[in-house]
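So the structure is just underneath, and the comments pick up after that.
Only the coordinates and a few stated rules stand behind these numbers; no lab work does. Bear in mind that the values here come from a model prediction, so they are computed numbers and not experimental data. All Cβ positions, glycine included, derive from the backbone under ideal geometry; neighbour counts span all protein chains shown.
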């Protein structure tokens, strides 16, 4: 599944939750991640000639960028 960190979407029974609400939330998150990835389209940029294969994790790259921005901002307190 795309974008579901380990440990999330689990109930008291230590398994993934498959009831209607959690499934709809998961589908919405996956749809959002898919739209974001397709909009970014990093695979359209030419690869350097020395690179044989590439992988892309657009959502991770965005999370990392957001984390860096939050760390760079001074606390408002």
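Assorted remarks:
- For the peptides 52-61, 39-48, residues were scored by their other Cβ atoms within 10 Å and the scores averaged per peptide; the highest-first order is 52-61, 39-48.
- Look at 19, 32 and count the other Cβ atoms within 10 Å of each Cβ; fewest to most, that gives 19, 32.
- Paramagnetic reach from residue 66 (point 7 Å along Cα→Cβ, amide N under 19 Å) across region 25-48: 25-42
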